[in-house]
Amino acid sequence: MKSEDAKIDLRIDPELVTEILTRFLREEIRRAGFQHAVVGVSGGIDSSVVVYLAARSLGPENVLALTMPYKTSSEATRSDSRSVIESLGVQHRDVPIAEQIDDYFARFPDASRMRLANKCARERMTVLYDQSAAFEGLVLGTSNKSELLLGYGTQYGDMASAINPIGDLYKTQLYQLAAYLGVPEAIRAKTPTGDLWVGQTDEDELGFTYAEVDRLLALMVDRRWRRPELIATGFAAELVDRVATLVRRNHYKRRMPVIAKLSFRTMDRDFRYARDWGT
Amino acid sequence: MTPAPSSAETSTGPRGPLRVAMAQIAPRLGDREWNFRLHLDQIRAARAADADLVVFPELSLTGYFLRDMVPDVAIRADGPEIEELLAAAGRTAVVVGFVEESPRHRFYNAALYAEGGRVVHVHRKVYLPTYGLFDEQRYFAAGDRIRAFDTAGFGRVGILICEDFWHLSAAAIMQAEEVDVLLCVANSPARGVQGPKIRTAETYDHLARTFAQLLGAVVIVVNRVGFEDGLCFWGGSKATGPDGRTIAEAPMLDAALAIAEFDTAELRRQRLIAPLARDERLLLTIEELQRIKRLRYEV
């Protein structure tokens with residue numbers, strides 16, 4: 001191990017993390033008055049880990065995996081989702097979203113592919129929440145810490161959920177957890193993609209790799225290293241600045257809407273209760 | 001200069017084998033009635049297990065992340081809720097965590113020790129963490145004393161609450177108080193998962209072992225389990241002997257009523273091997289602290 005690696009140790013004990021997260025899911029779901037969970041499955045590492053955790057925590061019969069393909073969804077997305085669902089024996093429903101998406105954009109033919117990607121993410125969110133009502137379950141979040149910090153997700157889309165078991169794990173750490181949980185090799189080996197359009201990959205779009213940015217984020221966010229210290233340890237100044245800006249600019253996505261304060265007690269400012277209030 | 005006999009010297013030491021039940025529970029956040037019934041169940045189970053003392057975690061009657069609920073769940077140490085618990089405990093001594101409202105309407109993160117149906121001591125948490133994920137000073141008033149007390153069965157006992165235990169001065173005061181048993185009631189959330197143990201649990205282990213050996217006392221840490229808004233309380237309650245060895249421990253993460261039985265003769269043996277508290281130069285410490293006080297506060 002290089003000395004730099006010792007400073008940026010992203011290792012986790014996957015068994016310990018699994019012990020915590022399976023209890024987290026069981027308990028937080030029960031407190032909300034439910035026994036079931038609903039997960040949107042994409043065939044990627046994040047949603048796969050969440051389904052594996054949920055199946056282990058609640059039993060596969062209490063987990064509904066939803067596949068919500070758009071017409072551009074890749075064959076890998078479809079087959080990897082299938083392999084997760086089949087290997088776990090969780091419940092499954094396929095709800096394609098192409099019809100309503102295409103119907104909507106027929107009216108806005110000049111919309112950018114980013115608008116299309118965001119609309120798909122939000123369409124899936126509404127399907128998840130509607131299906132969760134039918135299944136009497138909670139929607140589980142699948143955004144990891146890397147994405148949440150970088151703002152690499154759609155607000156009220158894939159970032160929406162009731163509870164999120166993996167939001168404090170970097171992408172790099174999710175691979176360790178995935179291997180422990182037995183997520184199929186094909187899913188762990190493939191290049192991360194939101195499958196937002198044909199050929200899209202996260203790392204192309206972001207302009208850096210998760211392996212690199214996770215190390216930077218761990219020092220910057222968790223250990224609170226300052227800019228000159230980060231540069232001195234070998235990170236390019238441009239990368240440090242770019243990532244710091246992404247973290248700051250996207251903070252709005254991680255917060256509830258800003259409320260104009262008028263009274264003496266305003267939501268989330270001086271009206272402060274835990275979400276688990278009274279449970 | 002030979003000090004006058006401390007109250008520790010004049011009080012009766014603990015006698016015989018003692019059984020302490022560590023009630024590692026998962027309270028419901030702000031549901032005092034439900035938690036109260038849970039306490040009654042645990043007390044019943046502890047009595048059935050022949051425990052001399054049952055120790056509940058910090059804020060055991062209320063849960064931890066109370067925020068604006070603090071005034072809604074507050075009670076008084078001499079109120080009917082505590083009275084009912086003590087009646088249920090009978091001859092078993094009890095340590096309970098609660099939000100205490102003072103007559104001047106200050107709210108304290110408090111823990112009481114009671115035996116024979118009588119409250120012997122109330123400790124109000126002195127160190128209220130207000131950093132990182134913690135926000136206690138916003139809601140609680142800080143206690144202003146760290147004192148031990150004499151008990152019928154356990155000799156001289158001290159109570160610290162969670163963050164108090166992370167302050168060397170609190171342990172030093174307890175050493176000067178010559179405690180036989182140091183109780184730490186905690187609501188410690190898990191942080192650090194590189195394993196094999198949760199990092200915060202590791203630190204508690206170090207502190208408990210160190211303090212047990214330095215004080216020549218039994219150290220009992222009782223931590224809760226369960227989740228509040230995604231925070232995982234890790235449990236792992238543990239009794240450590242004066243030699244630093246583990247007497248008994250509860251599981252990590254899961255609720256349990258773990259019994260620690262210890263022979264108080266071990267206190268004598270260990271103090272013969274390492275009479276650290278006896279040799280403590282208390283006056284020297286006091287004089288040095290007074291010098292520091294003059295320098296830092298009186299200039």
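The values are calculated or read from the model by the stated rules, or taken from the named source; none is laboratory data. What you are looking at is a predicted structure, and each value in this text was computed from that prediction instead of being measured. For neighbour counting, all protein chains shown are included, and Cβ atoms are generated from backbone atoms with ideal geometry for every residue, glycine included. These area figures cover heavy atoms from the full protein model, side chains too; ligands, DNA and RNA do not enter into them. Shrake-Rupley method; radii C 1.70, N 1.55, O 1.52, S 1.80 Å.
Miscellaneous remarks
- Taken over the C-alpha atoms, segment B:255-299 has Rg and Dmax values of 19.1, 53 angstrom.
- Shielding of peptide A:268-278 by partners, expressed as the average count of other chain Cβ atoms within 10 Å per residue Cβ, is 6.
- For segment A:156-258, alpha-carbon Rg relative to the globular expectation (2.2 N^0.38 Å, N residues): 1.21
- Inter-label distance, nm, simple model (7 Å from Cα along the C-beta direction), B:ASP41/B:ASP229: 2.6 nm
- Across the protein assembly as shown, Cα-Cα pairs farther apart than 43 Å form 31% of the total.
- Calculated over segment A:34-176, the projected area of the Cα convex hull averaged across directions stands at 8.4 nm².
- The listed peptides B:205-211, A:164-170, B:180-186, A:229-235, ordered by packing as a protection proxy, come out as B:180-186, A:164-170, B:205-211, A:229-235 (highest mean of other Cβ atoms within 10 Å first).
- Most to least accessible of B:ARG191, B:ARG156, A:ARG249 (protein chains only, probe 1.4 Å): A:ARG249, B:ARG191, B:ARG156
- Cα-Cα pairs of chain B separated by more than 38 Å (percent): 10 percent
- Only the Cβ atoms of Lys and Arg (+1) and of Asp and Glu (-1) were treated as charged; on that basis the dipole of segment A:1-133 about its Cα centre amounts to roughly 260 debye.
- Computed from the C-beta positions of A:ARG78 and A:ILE259 and an R0 of 41 Å, the FRET efficiency is 0.45 to the nearest 0.05.
- Seen from all directions on average, chain A presents a Cα convex hull projection of 17.2 nm².
- Scaling the Cα radius of gyration of segment A:222-272 by the globular reference 2.2 N^0.38 Å produces a ratio of 1.73.
- Rough spin-label spacing in nm, given labels placed 7 Å along Cα→Cβ, for A:TYR180 and A:VAL198: 4.0 nm
- Ranked by the mean number of other Cβ atoms within 10 Å of their residues, highest first, the peptides B:33-46, A:99-112 fall in the order B:33-46, A:99-112.
- Reduced Cα scattering model of segment B:81-163, Debye log10 I(q)/I(0), q = 0.13, 0.15, 0.18 Å⁻¹: -0.45, -0.58, -0.80
- Legend: distances between Cα atoms for A:LYS253/B:LYS125; A:LYS71/A:LYS190; B:LYS125/B:LYS293; pairs beyond 31 Å are A:LYS253/B:LYS125.
- Inter-label distance, nm, simple model (7 Å from Cα along the C-beta direction), B:ARG147/B:VAL299: 3.4 nm
- Scoring B:52-60, A:63-71, A:202-210 by mean Cβ neighbours within 10 Å over their residues and listing the highest first yields B:52-60, A:63-71, A:202-210.
- Calculated from backbone phi, Karplus (6.51, -1.76, 1.60) coupling profile of segment B:209-223 in Hz, x at Gly/Pro: 5, 4, 5, 4, 6, 5, 8, x, 10, 7, 10, 10, 9, 10, 10
- Residue mean of other protein chain beta carbons inside 10 Å, B:190-197: 5
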